[in-house]
């Protein structure tokens with residue numbers, strides 16, 4: 001089977017939707033509290049890093 005590569009770009013609307021979802025996740029994470037020891041963490045080191053990543 002061939003190795004496929006797909007190139008795409010997000011629209012401005014999609015970028016706004018993603019930013020809104022990340023902000024919502026950050027609010028929920030703040031309400032829930034810290035991570036449980038022994039449970040794997042997300043790839044972002046902090047909520048701020050996840051919500052302010054620039055393209």
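How would you rank 4-15, 20-31, highest first, on the average number of other Cβ atoms within 10 Å across their residues? Intermediate values should be presented prior to the final figure.
Numbers: 4-15: 7.1, 20-31: 12.3.
Averaged packing, sorted descending, gives the order 20-31, 4-15.
Using 0.36 nm times the number of residues separating residue 4 and residue 16, minus their current alpha carbon distance, what extension gain do you get? Numbers along the way, then the final one.
Details: separation 12, 0.36 × 12 = 4.32 nm, distance 2.82 nm.
Taking 0.36 nm per residue and subtracting the Cα distance, the gain is 1.5 nm.
Read the figures in this text as sums done on the coordinates, not as results from a lab. As the structure is a computational prediction, the values presented were derived from the model and not from experiment. Every residue, glycine among them, receives a Cβ derived from its backbone with ideal geometry; neighbour counts consider all protein chains shown.
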